[in-house]
1. Taking into account only those residues within the range 11-25 that are within 18 Å of Arg38 (Cα to Cα) and not small (Gly, Ala, Ser), which is farthest from the chain's Cα centre (by Cα)?
2. Restricting the search to the range 24-55, which residues are closer than 30 Å to Gly83 by Cβ, open to solvent by 40 Å² or more (accessible area, probe 1.4 Å) and either assigned to a loop (DSSP other than H, G, I, E, B) or free of Cβ contacts under 8 Å to residues at least 40 places away in the same chain (or both)?
3. Can you name the residue in the range 42-96 that is of a type in the set (Phe, Trp, Tyr) and under 25 Å from Arg20 (Cα atoms) and is also modelled with the lowest pLDDT among such residues?
4. Of all residues in the range 97-124, which are part of a helix (DSSP H, G or I) and open to solvent by less than 50 Å² (accessible area, probe 1.4 Å)?
Amino acid sequence: MMGRALLRRCPRCGGKGWFRGWFAKVERCRTCGYRYEREPGFLLGAVTINTIVTFGLLAAVLLVGTILSYPDIAVVPMLIASGAVAILVPIIFYPFSYTIWAAVDLAMRPLDAAEQADATAHAAPLTR
């Protein structure tokens, strides 16, 4: 499931089509009918994944910058690099955070019978 999520695919079936663009999400997988936001608050998990990755990369930039420029720490280049990471990483990682969180959620809480029936009812005609 995680491998599919890292490719921005449905963690349940591997189908494409979670996003219409970089930011525009669809409600369900176009292939298997899996509903991504299974319960209120799903967004919080995706935002948390995005925040963890962004802060991790920000810490790495600061650590590497400090190590490479020690003892005369280059503050301005580190600020520029940190600002670029803080702005670009959340934007670039946005769709991946949703698919990764959906894979984690699906692994922790597999679909129950009602959710499977709902997914089947909304699945593409060829996958039924």
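1. Residue satisfying both the conditions and the ranking: Cys13.
2. Passing the criteria: Ala24, Leu43, Leu44, Thr51, Ile52, Phe55.
3. Per the stated criteria, the residue is Phe42.
4. Residues satisfying the conditions are Ser97, Tyr98, Thr99, Ile100, Ala102, Ala103, Val104, Asp105, Leu106, Glu115, Ala119.
The values are calculated or read from the model by the stated rules, or taken from the named source; none is laboratory data. Keep in mind the model is a prediction, meaning the values are calculated, not measured. All Cβ positions, glycine included, derive from the backbone under ideal geometry; neighbour counts span all protein chains shown. Heads up: the accessible areas ignore ligands, DNA and RNA and are worked out on the full protein's heavy atoms, side chains in. Shrake-Rupley method; radii C 1.70, N 1.55, O 1.52, S 1.80 Å.
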